Amino acid sequence: MGEMGKIIPIGQIAIVVHGGAGTDSEFILEHIPEYEEGLNAAVEAGYDILKKGGSAIDAVEAAITSLEDNKYFNAGRGSAITAAGNVEMCASIMDGKQKKAGAVAIVNNLRNPISFARELLKTSDLMYVAGTEATETAKDLKLKMEPDSYFVTEHQWDVFEKERKKKAGRSKALDKYMKRLHGTVGAVALDSDGNLAAGTSTGGTAYSQPGRVGDSSMIGVGTYADNDIAAVSCTGDGEYLITEVMAYNIAATAEHTGCSIQEAMDLVIHGKNKGKKCDFGAIGIDTHGNIGMAFNCERMHRAWRTREDSGVMIYR
Ligand code: ASP
């Protein structure tokens, strides 16, 4: 018997990753094999750890690191470029066993923001740090740093240029409501000891106001894990995910209704928020090893692996 009297299947392992949800694009259509390869590599990096008896939190960090290093995903290398022409990254990670988390916002030059978040979870009395001082702390922790040029990809530079030109013809008031291109990566895992973990990492939205922080670094919004309920990682329009407290909302719905993680996502995304004009996406695993994936937009890059099943998908 697991904690709280729930039955946790011994030896069950599972991992789900996402590479962001939103509108489709020419670029995505032209690079489907690269996206699928990246999602598969991430899921395998995590699964490899789980099948050797490793922890859910290690699996989540490994999967996200792989996506951060992959230039096709908007996190780490390949992050969106702000209106100031630089990259600002956010990440968070949560361990469902200890109910401990680490989170970082607006960090630069850090190759793997998720590892910085993990470091905060592990070692320090700091849990959530942001900005230039946070980047300095990462340097002190001897985390891997890269020059600005490492993060800026040709694709994100093209997006930046297009957004810059569009913005030139818009009033400030109108600009506030413009739909922005966005992207994120995330992972959730269940290990053979019944521990759950979740993590999320992002370069945020294209041509955003420097200093903008979305949901991805926020515990309870972008990321949530509790061994007694579920692990959840979200993606989509940060401003709307924040006011829905999305990751916790999904977990709490599963907890209070007793439904599966998939049903909880469907209730929150397709039920309660039906018709909302924003992008929402989520992945999750519950304490029973059930996996869930839901999104209300054109696509959500995702891949999963359990002992019985595996897959990679971008569209419905
Ligand atoms: N939620 C992220 C943000 O608002 C973007 C995304 O998930 O696509 O920064």
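The values are calculated or read from the model by the stated rules, or taken from the named source; none is laboratory data. Keep in mind that what you see is a predicted model, and the values were worked out from it rather than measured. As a convention, Cβ positions derive from the backbone with ideal geometry for all residues, glycine included, and neighbour counts pool all protein chains shown.
General remarks:
- Of everything in segment 192-226 that is among the aliphatic types (A, V, I, L, M) and assigned to a loop (DSSP other than H, G, I, E, B), the residue that is farthest from Gly54 (Cα to Cα) is Ala206.
- Hits in segment 107-120 (condition: surrounded by fewer than 22 Cβ atoms within 10 Å (Cβ to Cβ) and not charged (D, E, K, R)): Asn108, Asn109
- Filtering segment 286-316 to residues that are touching an Asp or Glu at 6+ places or on another chain (Cβ under 9 Å) and of a type in the set (Asp, Glu) leaves only Glu298.
- Within segment 79-95, not a single residue is more than 16 Å from the ligand (Cβ to nearest atom), polar (S, T, N, Q) and either closer than 23 Å to Gln262 by Cα or touching a Pro at 6+ places or on another chain (Cβ under 9 Å) (or both).
- Selection of segment 225-267 for residues being within 19 Å of Lys277 (Cβ to Cβ) and within 11 Å of the ligand (Cβ to nearest atom) yields Cys234, Thr235, Gly236, Asp237, Gly238, Glu239, Tyr240, Leu241, Ile242, Met246.
- Within segment 227-248, being outside any loop (DSSP other than H, G, I, E, B), surrounded by fewer than 24 Cβ atoms within 10 Å (Cβ to Cβ) and touching a residue at least 12 places away in the same chain (Cβ under 8 Å) holds for Glu239, Tyr240, Ile242, Glu244, Tyr248.
- Residues in segment 274-290 that are touching a residue at least 24 places away in the same chain (Cβ under 8 Å) and surrounded by fewer than 22 Cβ atoms within 10 Å (Cβ to Cβ): Lys276, Cys278, His288, Gly289, Asn290.
- Among the candidates Lys166, Lys162, Lys179, Lys172, the residue that is surrounded by fewer than 14 Cβ atoms within 10 Å (Cβ to Cβ), within 12 Å of the ligand (Cβ to nearest atom), more than 25 Å from Ala45 (Cβ to Cβ) and at pLDDT below 95 is uniquely Lys179.
- Considering residues of segment 210-224 that are over 14 Å from Ala91 (Cβ atoms) and within 13 Å of the ligand (Cβ to nearest atom) only, the residue surrounded by the most Cβ atoms within 10 Å (Cβ to Cβ): Arg212
- Screening segment 251-273 for residues that are in a loop (DSSP other than H, G, I, E, B) and either without any contact (Cβ under 8 Å) to a residue 12 or more places away in the chain or among the hydrophobic types (A, V, I, L, M, F, W, C) (or both) and picking the one that is surrounded by the fewest Cβ atoms within 10 Å (Cβ to Cβ) gives Gly258.
- Residue selected from segment 17-34 under the condition in a helix (DSSP H, G or I) and either without any contact (Cβ under 8 Å) to a residue 40 or more places away in the chain or within 14 Å of the ligand (Cβ to nearest atom) (or both), by the criterion surrounded by the most Cβ atoms within 10 Å (Cβ to Cβ): Ile28
- Residue match in segment 220-231 (condition: in contact with a Ser or Thr (Cβ under 8 Å, 6 or more places away or on another chain) and of a type in the set (Gly, Ala, Ser)): yes
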